[in-house]
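The structure under discussion appears below in the form of structure tokens.
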Amino acid sequence: MERGINTRCLHLEETEGKTENYGAISYPIYQTATYAHPGVGQSTGFDYSRLQNPTKEHLEKIVASLEHGSDAFALSTGMAAITLLMELFKPGDHLIVDSDLYGGSIRLFRNVSQKNGITFSAVDSYQDDIESFVKEETKAIYIETPTNPMMNVADIGKLSEIAKRHNLLLIVDNTFLSPYFQNPLTLGADIVVHSGTKFLGGHNDTLAGFLVTNREEISERLRFLIKTTGAGLAPFDSWLILRGIKTLGIRMERAQKNALEIANWLKTQPAVTKVIYPGLPEHPGYEIMKKQARGFGSMLTFYVDSKEHAFEILEKVRMIKFAESLGGVETLLTYPTTQTHADVPQEIREKNGITDCTLRLSVGIEDAQDLIVELTQVFAELS
Ligand SMILES: Cc1ncc(COP(=O)(O)O)c(C=O)c1O
């Protein structure tokens, strides 16, 4: 029987019963660039840390196990992971991508991948007829669910059927839910992307990225690409992410509980015109989430009644920090228009629904009461 996810966050079954590493409970940081060979033509399995490093490998095995993948690759950031992923494609290839995505992914596709001859169709994967966008040159569908920041929810299983029918890869950025709440590979995806900087690391102190797959040929190609392009995660950062993952489950549960409380509280505020949280039954993706995920996460987006009020809220928060990023233990408030999505052309931002009045909250693990006390103060002081 498979072990539960909280156990898999802590223990790698294949290393149990062995006392290598002197029985150290915390996996050691192998802070080495290179490794001695036992003899000519012989290897310990580790030759050079751009290719292999024991701390990084331990982390990759844990992440692969959490996502039910056969292989995971740890990269220096989420964007390094997505950039590497793009190397799977060649000039002339076409990708169908969600129109609402993390702004950095949109920037990469529009400004770098297109220059390399890859073409894109932007779709709303939660509602469009995806099949009508498939062309001869189409190689993959790339989505986030829920999306950043609009929290649109796509049906991964349905998209995977379309992908299989047309021999396309289905790539899912699973950053917002983490493997604790959602496993796209088990729903038919071919590759999972993570910004490990977010929930996996969980402490707003380290950057990391992951690619996870259960397809052997993709693993082989990615291994070659990492060796060649060199964006692997450093040993110390690997250790920090390993340490973060140990508490993934309790952090996710607690942050989710806080998020639901805050979403319901925001709905009572006269200055708030809309709250988008997939854990609210009125969210259009609620039923799909219940079917394909084990939780709703702790990201929510809300609208206030004016740009001035949005600015005031950003400037008045104190314990809650006005900052980019998400998925850490501390609650962060983000203004997508000038932060995460600043480089997305205004017309696309507006089409996706990101306006001057849109705020994104990454709810942390503080006491919900204290978060609500702070927000109550902030909203009471609005002019
Ligand atoms: C959904 C999503 N994917 C990828 C990234 C990029 O990750 P990183 O900042 O670690 O490069 C982010 C960053 O915010 C994100 O929100």
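Matching residues to (1) assigned to a loop (DSSP other than H, G, I, E, B); (2) open to solvent by 10 Å² or more (accessible area, probe 1.4 Å); (3) aliphatic (A, V, I, L, M); (4) within 16 Å of the ligand (Cβ to nearest atom):
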site: Gly104; (1), (2), (3), (4): no, no, no, yes
site: Glu131; (1), (2), (3), (4): no, yes, no, no
site: Lys135; (1), (2), (3), (4): yes, yes, no, no
site: Asn148; (1), (2), (3), (4): yes, no, no, yes
site: Asn152; (1), (2), (3), (4): yes, yes, no, yes
site: Ala163; (1), (2), (3), (4): no, no, yes, no
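Show the residue pairs that are 6+ apart or on different chains and have beta-carbon atoms under 8 Å apart, the first residue being within region 190-210 and farther than 15 Å from Val363 by Cα and more than 10 Å from the ligand (Cβ to nearest atom), the second being part of a strand (DSSP E or B) and open to solvent by 10 Å² or more (accessible area, probe 1.4 Å).
Once the first residue is farther than 15 Å from Val363 by Cα and more than 10 Å from the ligand (Cβ to nearest atom) and sits in region 190-210, its partners that are part of a strand (DSSP E or B) and open to solvent by 10 Å² or more (accessible area, probe 1.4 Å) give Asp190/Leu169; Ile191/Leu169; Val192/Asp173.
Given (1) of a type outside the set (D, E, K, R); (2) more than 23 Å from Val123 (Cα to Cα); (3) at pLDDT 95 or above, where does Ser383 come up short, assuming only one miss?
Failed condition: (3).
Could you tell me whether region 74-82 includes any residue that is away from the ligand (no atom under 16 Å from the Cβ), among the aliphatic types (A, V, I, L, M) and open to solvent by less than 80 Å² (accessible area, probe 1.4 Å)?
No, because not a single residue in region 74-82 is away from the ligand (no atom under 16 Å from the Cβ), among the aliphatic types (A, V, I, L, M) and open to solvent by less than 80 Å² (accessible area, probe 1.4 Å).
Please work out if Gly328 is under 23 Å from Gly104 (Cα atoms), part of a loop (DSSP other than H, G, I, E, B) and in contact with a Phe, Trp or Tyr (Cβ under 6 Å, 6 or more places away or on another chain).
Against the criterion (under 23 Å from Gly104 (Cα atoms), part of a loop (DSSP other than H, G, I, E, B) and in contact with a Phe, Trp or Tyr (Cβ under 6 Å, 6 or more places away or on another chain)), Gly328 does not qualify.
If you check every pair at least six apart or on different chains, which have Cβ atoms under 8 Å apart with a residue in region 46-72 that is within 24 Å of Gly4 (Cβ to Cβ) and at pLDDT 95 or above first and a residue that is open to solvent by 30 Å² or more (accessible area, probe 1.4 Å) and of a type in the set (Gly, Ala, Ser) second?
Ala64/Ser70
Does at least one position in region 352-359 carry a residue that is in a helix (DSSP H, G or I) and modelled with pLDDT under 95?
Within region 352-359, one or more residues are in a helix (DSSP H, G or I) and modelled with pLDDT under 95.
The values are calculated or read from the model by the stated rules, or taken from the named source; none is laboratory data. Predicted model, so just to flag it, every value in this text is computed and none were measured. Counting neighbours? That spans all protein chains shown, and the Cβs are built from the backbone with ideal geometry, glycine included. When the accessible area is computed, the model is the full protein with side chains, heavy atoms only, and any ligands, DNA or RNA have been set aside. Shrake-Rupley method; radii C 1.70, N 1.55, O 1.52, S 1.80 Å.
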